[in-house]
1. How much length would be gained if the chain were fully extended between ARG110 and ASP123, taking 0.36 nm per residue of separation minus their Cα-Cα distance, in nm to one decimal?
2. What's log10 of I(q)/I(0) for segment 19-132 at q = 0.10, 0.16, 0.18, 0.22 Å⁻¹, Debye sum over Cα points only, no solvent?
3. Would you mind ranking HIS58, HIS103 by Cβ crowding within 10 Å, fewest neighbours first?
4. Exposure proxy check: TYR126, TYR144 ranked by fewest other beta carbons within 10 Å?
Amino acid sequence: MAEAMDLRSLVLGIDAPSCEVKDELKCWSDDNWKIYARADRLDEHYEDFCKNIEQPDHEKGWDYYKVYDEDTPDEHEFRVSLSDDVADYDANQCIDSFKKLIHNCNTNRRLNWKTGGKYVRDDGAYTYEVSPTRYNRPWPPPEYAQGTCKGWDHFSHSSYTMEGGGFSTWDFGQKTMRPSMNGCYGLGTTAWNFEYYDEPTEDGMSGISRLIRLFS
């Protein structure tokens, strides 16, 4: 087809038309999908995903995906798909694509939540997708972290129950809360129970933490 177009251009004495390779970026929020995840969690994982893709040998049209922060409000999936006539994969293009995709799909909220989306490259040869997977988060996304805390003194130990939202959305509090708490009382935390709500609460706690009990 290209040779025919070039020949026709020579006969007519005009420049041959060029086929421009098109890229298309679409955010899931464009379709009013009420999903989001923390920007730092997506940034934490996209390079790991791109550098460790298990590419099939001698196969065209393959796709690969991986889920991160499973069973938490910030659970999200990265996926790359190749068109039926493409087999080769470029890790650098993957990294560049996800970086642009993550930081162009915003919620415009103070806590910098990201909605994810799809980036089609090279006229459909490569499709990159990042998708938060929790559809039951508070909407609109919270502007601030919030929470409540209650404590009891049992003489031999103390116990606390905390509930909140907008924080510790990916680690069951193990890295974002527990280390700081250990230095606040006695010999540290000796029992810990952290759960995420299945649905957000009516008072805006967002279901991030269901129950935490601490003993020292």
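1. 1.2 nm
2. For the requested q values the scattering log ratios are -0.28, -0.71, -0.88, -1.23.
3. HIS58, HIS103
4. Details: TYR126 21, TYR144 11.
Fewest-to-most Cβ neighbours within 10 Å comes out as TYR144, TYR126.
Only the coordinates and a few stated rules stand behind these numbers; no lab work does. No experiment lies behind these values; they were computed from the predicted model shown. In this analysis, Cβ positions are derived from the backbone assuming ideal geometry, glycine residues included, and neighbour counts consider all displayed protein chains.
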